[in-house]
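S.K.: The structure is given below, and queries will be raised subsequently.
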Amino acid sequence: MSSAQRREQLILIGRQLFAEKGFDATSVEEVAARAKVSKPVVYEHFGGKEGLYAVVVDREVRALLHQIATALTAGHPHELLEQAALALLDYIEGETDGFRVLVRESPVMSATGNFSSVLNDIAHQVEHILGAEFKTRGYDPKLAELYAQALVGMVALTGRWWLEVRKPRKETVAAHLVNLAWNGLSHLEAKPRLVTRRGSR
């Protein structure tokens, strides 16, 4: 096995172990044992468990962002919502281990590249779409960031739930997510007020 092939093997094994057990419960010994190599081989390629984890997470982050960015091809916001929801569910279905790695708690030394930072990147893309739509409809475009975070958070949390239950079908889940998001967005009040707090009307 060449050095590049060995590195790829270790990344795949690390990905599987981090998905199964999380960062803290995974050891260099375990990675080496599954790869049938000595511990120094793992250290040689990644410098330790933290280095291997960083490579695994970086690869998953790029894969997920690429999948969502590639999916956003429609011109109409309703279709863009559908494409974004399906892209995330496609990733969860096709790259279950990768998604499990991303949604697990990241170690303290990993300031970036965790699921929160991925969601922020996705929300930033959605914010541009919503901002243009808000201007067209006469809403305050500064609020697009808030709505983008809310939409992405809704889809992501539903995706985490669906990861475990796997029903209903992916397309049905996406349709209901878009139904809630789109019908909510299409009947937005320009200046919503809480009705449960005194003096908020």
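The values are calculated or read from the model by the stated rules, or taken from the named source; none is laboratory data. It should be emphasised that the depicted structure is a prediction, and the values quoted were computed from it without experimental measurement. Cβ placement follows ideal geometry from the backbone for every residue including glycine, while neighbour counts extend to all protein chains displayed. All accessible areas refer to the heavy atoms of the entire protein, side chains included, with ligands and DNA or RNA removed. Shrake-Rupley method; radii C 1.70, N 1.55, O 1.52, S 1.80 Å.
S.K.: If a residue must be surrounded by 14 or more Cβ atoms within 10 Å (Cβ to Cβ), under 18 Å from N183 (Cα atoms) and not aliphatic (A, V, I, L, M), how many such residues does segment 149-162 contain?
M.R.: Count: 2.
S.K.: Being open to solvent by 60 Å² or more (accessible area, probe 1.4 Å), closer than 19 Å to D24 by Cβ, part of a helix (DSSP H, G or I) and among the basic types (K, R): is that true of R62 here?
M.R.: In short, no.
S.K.: Regarding segment 104-114, can at least one residue be identified that is assigned to a helix (DSSP H, G or I) and open to solvent by less than 50 Å² (accessible area, probe 1.4 Å)?
M.R.: No.
S.K.: Could you look through segment 9-48, keep only residues that are assigned to a loop (DSSP other than H, G, I, E, B), more than 12 Å from V101 (Cα to Cα) and among the hydrophobic types (A, V, I, L, M, F, W, C), and pick out the one that is modelled with the highest pLDDT?
M.R.: Among those residues, the one meeting the criterion is V37.
S.K.: For a quick check of your reading of the model, give me the residue pairs whose first member lies in segment 24-51 and is free of Cβ contacts under 8 Å to residues at least 24 places away in the same chain, whose second is open to solvent by 30 Å² or more (accessible area, probe 1.4 Å) and assigned to a loop (DSSP other than H, G, I, E, B), with beta-carbon atoms closer than 8 Å and at least 6 apart or on different chains.
M.R.: Matching pairs, first to second residue: A32/S38.
S.K.: Exactly one condition in (1) within 22 Å of the chain's Cα centre (by Cα); (2) among the small types (G, A, S); (3) open to solvent by 20 Å² or more (accessible area, probe 1.4 Å) is not met by G22; state its number.
M.R.: Exception for G22: condition (3).
S.K.: Within segment 133-148, which residues are surrounded by 14 or more Cβ atoms within 10 Å (Cβ to Cβ) and not in a helix (DSSP H, G or I)?
M.R.: Of everything in segment 133-148, just one residue is surrounded by 14 or more Cβ atoms within 10 Å (Cβ to Cβ) and not in a helix (DSSP H, G or I), namely Y139.
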